[in-house]
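Worksheet: one structure, shown below.
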Amino acid sequence: MRAANSRGIFLPAGPGNPVGQNEWIPGEDNPALREARSPNLYIGRGAAGRGAIVVLVAGMLLVGCETQRATIATAPTAKPDADADATVDVTELGATPQTPVAKTNGTLGGPLAGLDAAELARFEAGRDDFAEEETVDDGIGPVFNEHSCATCHDAPVGGTTGRTETRFGRMIGGVFDPLTERGGSLLQDHAIGMVAGAAGTFTFVPEVVPPEANVRALRLTTPLFGLGLVDAVPDAAFLALARLEAFYSPATRGRPSMVTEIGTGATRVGRFGWKAQVPTLHQFSGDAYLNEMGVTSPEFPNENCPQGDCGLLVFNPQPGLNNDGTDVDRFTDFMKLLGPPQRNPDRVFHAQAGENAFRRIGCANCHTPALVTGYSPVAALSHKVFQPYSDFLLHDMGRLGDGIAQGGAGVREMRTAPLWGLSARTTYLHDGRARSVQDAILAHGGQGADARARYERLNPVIRAAVLSFLSTL
Ligand code: HEC
Ligand code: HEC
């Protein structure tokens, strides 16, 4: 897989080196870094690799053998944590070293590489619709959050402006009530104002968090780059991933979020949203069109009742179905064909040592480095490896949970946030509370607490290397 020279090593293109160019890893002649580097970059440690490590550790205990030290990826201060790596490798999910890696055409916000002319035309038509501002005549409101998808998902189109929105509800006797009859759990913070119609004149006002709510949480807008790949992962792959996690590392295992696909009535693995509450991009499009913009469509035909008061809908100036589903299909096209974030091609010092430490202390147990898609009619999405650094499963995050029960997720459960594209972001975590990547790491609780503690115990050089690695994503 790699050829060594006197000063460093060169990696061929592949999932371990997705920028597709040879990468020089500094420090071949630095013993500390040599120790920190994992011996295998693509195949990683599957079950066989883990078995070999157990044997090596046992061998070391028996003979205390000096010559085996360099084989075990352990920085001096992290010895007790040497076995925290339970990363599920993409080959265990069905990929082979020959499976192609999905790429983006151009920069962030561009389409997937390898689309044909008809697919490119669909991407562009979808992007136009995604950025189009809807009006009251188009059916926006009566209450809504913004006039277009791109108002929140921008910089570039499809990304995130950092806009947060509010969810609320009430916890009574350990049971979460989304307060639907008071307009929950999602608050709509805009309204269309005064309307005059057959039922008379009425002024719609933005919703507020009602006094009976005792839970209130912010949600940060997530970027949408590469989500067509996530959409193209078969449910069976996520179920297999959850089983492998439970087998390798029960303490950090994830749980699939089982939800209903509205179009078919089938039970599916949810993977979109902070709580993995939605199973497909198509469903999220209809859901967002209704809940963010107040535009109804075939799968979401019922208007949101302002502050939960459905009686007020007699004043709705556009009571019929607002869209026949065409827009929903176009948003879906755009998001499906939107390319994934590309690794930052700048050579960042110590990034490889940082990635090794990231795995060693158990971050990659949940932030799964690579996944593989199943069959897709779009060739550029079909049977491709991609690197989201997420398992898209739910984890009990303890005090980092947002207190909202939604879809298949409990109040403390959150979807592992994908780390691709992290370098383009400025705020982190579901509510945007973290202003730095390190603050985000230090907020991990529940199943993430042990990895956080190991991160805190790393020596400062390796800790900085972990942040360097994350800055390449
Ligand atoms: C008011 C801001 C806002 C608007 C407008 C908006 N979104 Fe979002 N979007 C969000 C937020 C916030 C989230 C995270 C939601 C959550 O998990 O509860 C999100 C999440 C998503 C996701 C899931 C991404 C992931 O990481 O899993 C998709 C897909 C999406 N939006 C599509 C759309 C589409 C399509 C539109 C237009 C019809 C739209 N959004 C309009 C704020 C917005
Ligand atoms: C038990 C699973 C788990 C482990 C282990 C874990 N994380 Fe996370 N991580 C999560 C979840 C879940 C979130 C989303 C938290 C939220 O909803 O606010 C997250 C969020 C993040 C974020 C913020 C991403 C964003 O989009 O805002 C960063 C950065 C991060 N993790 C880095 C790490 C690092 C570094 C480690 C190792 C020290 C680690 N994580 C270990 C589950 C995990």
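Search region 432-442 for residues being over 17 Å from residue 418 (Cβ atoms) and assigned to a loop (DSSP other than H, G, I, E, B), and hand back the single one that is farthest from ligand 1 (Cβ to nearest atom). I'd like the intermediate steps shown before the answer.
Our first condition is that a residue be over 17 Å from residue 418 (Cβ atoms); within region 432-442, this holds for 433, 435-436, 438-439, 442.
Going one step further and asking which of them are assigned to a loop (DSSP other than H, G, I, E, B), we end up with 433, 435-436.
Values: 433: 14, 435: 18, 436: 21 Å.
Selected residue: 436.
Every residue in region 453-473 that is closer than 21 Å to residue 425 by Cα and more than 16 Å from ligand 1 (Cβ to nearest atom), please. Quick ask: steps written out before the conclusion?
Within region 453-473, the subset closer than 21 Å to residue 425 by Cα is 463-473.
Within region 453-473, 463, 464, 465, 466, 467, 468, 469, 470, 471, 472 meet the criteria.
Output the number of residues of region 270-301 satisfying the condition of being of a type in the set (A, V, I, L, M, F, W, C), surrounded by 24 or more Cβ atoms within 10 Å (Cβ to Cβ) and in contact (Cβ under 8 Å) with a residue 60 or more places away in the chain.
Result for region 270-301: 4.
Would you mention how many residues in region 397-431 are within 27 Å of residue 259 (Cα to Cα) and not in a loop (DSSP other than H, G, I, E, B)?
Matching residues across region 397-431 total 9.
List the pairs whose first member sits in region 444-459 and is within 17 Å of residue 246 (Cα to Cα), whose second member is more than 16 Å from ligand 1 (Cβ to nearest atom) and of a type in the set (Ser, Thr, Tyr), and whose Cβ atoms are under 9 Å apart, counting only residues at least 6 apart or on separate chains?
447/252; 448/252; 450/252; 451/252
On the basis of being crowded, with 16+ Cβ neighbours inside 10 Å, in the same structural domain as residue 159 (by TED's automatic domain parsing) and not in a loop (DSSP other than H, G, I, E, B), does residue 195 make the cut?
yes
Within the bounds of region 170-179, is there any residue that is closer than 30 Å to residue 389 by Cβ, of a type in the set (Lys, Arg) and surrounded by fewer than 21 Cβ atoms within 10 Å (Cβ to Cβ)? Outline the logic, then answer.
So the first thing to find is which residues in region 170-179 are closer than 30 Å to residue 389 by Cβ, and the list is 176.
When the remaining residues are screened for being of a type in the set (Lys, Arg), the result is none.
Looking for residues that are closer than 30 Å to residue 389 by Cβ, of a type in the set (Lys, Arg) and surrounded by fewer than 21 Cβ atoms within 10 Å (Cβ to Cβ), one finds none in region 170-179, hence no.
So that you can scan it fast, the table gives a plain yes or no per residue for (1) of a type in the set (Val, Ile, Thr); (2) near ligand 1 (Cβ under 9 Å from one of its atoms):
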site	(1), (2)
120	no, no
136	yes, no
139	no, no
146	no, yes
166	yes, no
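Could you please find all residues in region 143-177 being in contact with a Pro (Cβ under 6 Å, 6 or more places away or on another chain) and not in a loop (DSSP other than H, G, I, E, B)? Show your work before the answer.
To start, the set of residues in region 143-177 that are in contact with a Pro (Cβ under 6 Å, 6 or more places away or on another chain) comprises 143, 159-160, 169.
Within region 143-177, 143, 169 qualify.
Out of the residues in region 409-423 meeting the condition of being among the aliphatic types (A, V, I, L, M) and more than 14 Å from the chain's Cα centre (by Cα), tell me which one is farthest from ligand 2 (Cβ to nearest atom). Steps first, please.
Kept after step one, since they are among the aliphatic types (A, V, I, L, M), are these residues of region 409-423: 409, 411, 414, 417, 419, 422.
Now restrict to residues that are more than 14 Å from the chain's Cα centre (by Cα): 409, 411.
Numbers: 409: 10, 411: 12 Å.
Checking each candidate, the answer is 411.
Check region 184-192 and report whether any residue there is small (Gly, Ala, Ser), part of a helix (DSSP H, G or I) and not assigned by TED's automatic domain parsing to the domain that holds residue 360.
For region 184-192, residues small (Gly, Ala, Ser), part of a helix (DSSP H, G or I) and not assigned by TED's automatic domain parsing to the domain that holds residue 360: absent.
Touching a residue at least 60 places away in the same chain (Cβ under 8 Å), surrounded by 14 or more Cβ atoms within 10 Å (Cβ to Cβ) and either more than 10 Å from ligand 1 (Cβ to nearest atom) or not assigned by TED's automatic domain parsing to the domain that holds residue 123 (or both): does that describe residue 244?
Working: touching a residue at least 60 places away in the same chain (Cβ under 8 Å): yes; surrounded by 14 or more Cβ atoms within 10 Å (Cβ to Cβ): yes; either more than 10 Å from ligand 1 (Cβ to nearest atom) or not assigned by TED's automatic domain parsing to the domain that holds residue 123 (or both): yes.
Answer is yes for this residue.
Which condition number in (1) in a helix (DSSP H, G or I); (2) buried (at least 18 other Cβ atoms within 10 Å of the Cβ); (3) out of contact with any Phe, Trp or Tyr (no Cβ under 6 Å at 6 or more places or on another chain) is the one that residue 464 fails?
Only one criterion in (1) in a helix (DSSP H, G or I); (2) buried (at least 18 other Cβ atoms within 10 Å of the Cβ); (3) out of contact with any Phe, Trp or Tyr (no Cβ under 6 Å at 6 or more places or on another chain) is unmet by residue 464, namely (2).
With 276, 380, 357, 353 as the choices, which residue is hydrophobic (A, V, I, L, M, F, W, C), closer than 25 Å to residue 234 by Cβ and assigned to a helix (DSSP H, G or I)?
None of the others qualify; the one that does is 380.
Checking the condition out of contact with any strand residue (DSSP E or B) (no Cβ under 6 Å at 6 or more places or on another chain), more than 16 Å from ligand 2 (Cβ to nearest atom) and not polar (S, T, N, Q), which residue from 315, 284, 358, 300 passes? Outline the logic, then answer.
Values: 315 fails: out of contact with any strand residue (DSSP E or B) (no Cβ under 6 Å at 6 or more places or on another chain); 284 fails: out of contact with any strand residue (DSSP E or B) (no Cβ under 6 Å at 6 or more places or on another chain); 358 fails: more than 16 Å from ligand 2 (Cβ to nearest atom).
Being out of contact with any strand residue (DSSP E or B) (no Cβ under 6 Å at 6 or more places or on another chain), more than 16 Å from ligand 2 (Cβ to nearest atom) and not polar (S, T, N, Q) holds for just one of 315, 284, 358, 300, which is 300.
Residue 159: under 19 Å from residue 281 (Cα atoms), outside the structural domain of residue 406 (by TED's automatic domain parsing) and touching a residue at least 60 places away in the same chain (Cβ under 8 Å), yes or no?
Details: under 19 Å from residue 281 (Cα atoms): yes; outside the structural domain of residue 406 (by TED's automatic domain parsing): yes; touching a residue at least 60 places away in the same chain (Cβ under 8 Å): yes.
So residue 159 passes the test.
Kindly check whether there is at least one residue in region 166-176 that is in contact (Cβ under 8 Å) with a residue 24 or more places away in the chain and in contact with a helix residue (DSSP H, G or I) (Cβ under 7 Å, 6 or more places away or on another chain). Before you say what the answer is, go through the steps one by one.
At the first step, the residues of region 166-176 found to be in contact (Cβ under 8 Å) with a residue 24 or more places away in the chain are 166-171, 176.
Still in the list and also in contact with a helix residue (DSSP H, G or I) (Cβ under 7 Å, 6 or more places away or on another chain): none.
No - not one qualifying residue is present in region 166-176.
Mind checking which residues of region 198-207 are closer than 30 Å to residue 406 by Cα and surrounded by fewer than 20 Cβ atoms within 10 Å (Cβ to Cβ)? Explain how you work it out, then say what you get.
Within region 198-207, the first condition is being closer than 30 Å to residue 406 by Cα, and the residues that meet it are 204-207.
Correct list: 205, 206.
The values are calculated or read from the model by the stated rules, or taken from the named source; none is laboratory data. These numbers come from a predicted model, not from an experiment. Because the Cβ atoms are built from the backbone with ideal geometry, glycine has one as well, and the counts that use them run over all protein chains shown.
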